[in-house]
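What follows is a short report on a single structure.
The values are calculated or read from the model by the stated rules, or taken from the named source; none is laboratory data. Computed from a prediction, not measured in an experiment: that's the story for all the values here. Cβ sites come from the backbone with ideal geometry, for glycine too, and all protein chains shown count toward neighbours. Just so you know, the surface numbers come from the protein's heavy atoms only, side chains and all, with ligands and any DNA or RNA stripped out. Shrake-Rupley method; radii C 1.70, N 1.55, O 1.52, S 1.80 Å.
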Amino acid sequence: MQAFDYARPGSLAEALALAGNGRQVLFLAGGTDVIIQLREGRRSCDLLIDLKHIPELTRIADLPGGGLEIGAAVPLAEVYEHPRVRGDFPALVDAAGIIGGIAIQSRASLGGNLCNASPAADSSPALMALGATLRIAGPAGERELPVADFFLGPGRNALQPGEILVSVRVPALPPRAAAFYHRFIPRNEMDIAVASSGVFLALDEAGRIADARVALGAVAPTPILVPAAREVLVGREPDAEAFEAAGEAARAAASPIDDMRGSAAQRRHLSRVLTVRALEHALRRIRGGQPAGATH
């Protein structure tokens with residue numbers, strides 16, 4: 001491993017000053033990705049900045065209107081054990097509870113999983129389906145970016161030099177709405193998704209679909225939203241025919257590759273199947289039946 005300096009700032013302002021000093025910087029939130037990447041020579045830096053002691057990055061706080069702000073360095077285990085997450089945003093439990101194993105979840109962070117920008121990351125489709133945004137701080141001040149716009153390619157995100165992901169902001173769900181995250185892996189734990197689908201479903205007072213979002217993982221160079229799925233869902237009854245139409249839209253939107261974990265054909269098929277199943281689970285949540293979590 002290349003030698004580097006280590007800094008442990010206690011405030012966001014201190015971290016931004018360190019990040020903007022012209023050195024080659026990497027950030028440590030949980031370290032489950034970056035330490036391995038440094039050890040294997042896939043990443044390098046002059047300075048590693050530890051973000052785990054900055055209050056804005058290590059807390060979960062309520063937002064006005066019922067939303068939730070999750071610090072980028074909050075460990076996954078704290079996310080899925082938090083009462084508000086479990087009660088109001090169970091789709092985050094679906095995703096955070098299956099990233100790695102329990103030991104990893106006590107260290108790895110939601111922000112780190114996003115910044116690693118893996119096309120197969122579990123947090124990304126779930127947060128995209130929830131309509132989450134990212135609070136980013138940098139030399140020019142703060143900005144907010146939809147999660148759906150954060151990914152530029154495999155391993156590439158939209159952070160500019162000197163910028164830090166501060167938190168994830170999840171808006172409150174409207175009445176008669178729910179989200180669900182579902183993935184397929186060949187083993188039972190600690191594996192990477194072959195394909196995944198995160199969905200959001202909202203019904204109007206008459207029981208028809210008022211709004212919907214479908215996001216896919218591991219089937220394109222980045223996680224993707226599927227606008228065509230929303231178009232075929234809104235205004236319809238939440239039934240098998242509507243869900244199949246959304247599944248077909250998801251299959252058509254997928255642009256996967258063949259690799260050692262699955263073929264492109266399998267991933268297209270899974271895009272449809274997982275989307276249909278995730279919509280069924282989201283509808284069950286709206287109607288009062290809470291699935292325990294995503295099926296691996």
Can you tell me which of 236-249, 196-209 comes out highest on packing, and rank the rest after it, using the mean Cβ neighbours within 10 Å? 196-209, 236-249
Rounded to whole Å and sorted largest first, list the principal axis extents of the Cα atoms in the chain. 57, 45, 33
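On average, how much accessible surface per residue is there in the range 10-65, in Å², for a 1.4 Å probe, leaving out ligands, DNA and RNA?
Working: 2820 Å² over 56 residues.
With all protein chains present, the range 10-65 gives 50 Å² per residue.
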Bounding extents of the range 153-296 in its principal axis frame from Cα atoms, largest first in Å, are 46, 39, 29
What dipole magnitude, in Debye to the nearest 20, does the chain give about its Cα centre under +1 on Lys/Arg Cβ and -1 on Asp/Glu Cβ? 340
Any chance you could list P(r) for the range 66-119, counting all Cα-Cα pairs in 10 angstrom bins from zero, rounded to whole %? 26, 59, 15, 0
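What shape does the range 172-257 have by the C-alpha gyration tensor, where a ≥ b ≥ c are the square roots of the eigenvalues, rounded means a/c under 1.5, and otherwise prolate means a/b greater than b/c and oblate the rest? Display every interim value, and only then the final one.
Values: a/c = 2.32, a/b = 1.70, b/c = 1.36.
Taking the square roots of the gyration eigenvalues as a ≥ b ≥ c, the range 172-257 is prolate.
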Once you order the gyration tensor axes a ≥ b ≥ c over the Cα atoms, which shape class does the range 18-71 get: rounded for a/c under 1.5, otherwise prolate or oblate by comparing a/b with b/c? prolate
Please work out the Cα center distance from the range 67-118 to the range 162-196, rounded to the nearest Å. 9
Nonlocal amide H pairs with SER118, under 5 Å, H built at 1.01 Å: GLY155
Out of the DSSP beta bridges found with both residues in the range 1-108, what percent are antiparallel (nearest 5)? 30
Just to be sure I understand the model, the point goes 7 Å from the Cα along the line to the Cβ. What's the resulting SER106 to ALA140 distance in nm? 4.2
What does the helix-only formula give at 222 nm for the chain: each DSSP H stretch with n ≥ 4 adding -39500 (n - 2.57), the total divided by the residues, and the result rounded to the nearest 500 deg cm²/dmol? -9000 deg cm²/dmol
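For the range 84-219, just say rounded, prolate or oblate: build the C-alpha gyration tensor, square-root its eigenvalues into a ≥ b ≥ c, call rounded for a/c under 1.5, and beyond that prolate if a/b exceeds b/c, oblate if not. List each step's numbers first, then the result.
On the way: a/c = 1.73, a/b = 1.17, b/c = 1.48.
In terms of gyration-tensor shape, oblate.
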For the range 1-114, what is the largest minus smallest coordinate of the Cα atoms on each principal axis, given in angstrom and ordered from greatest to least? 44, 31, 16
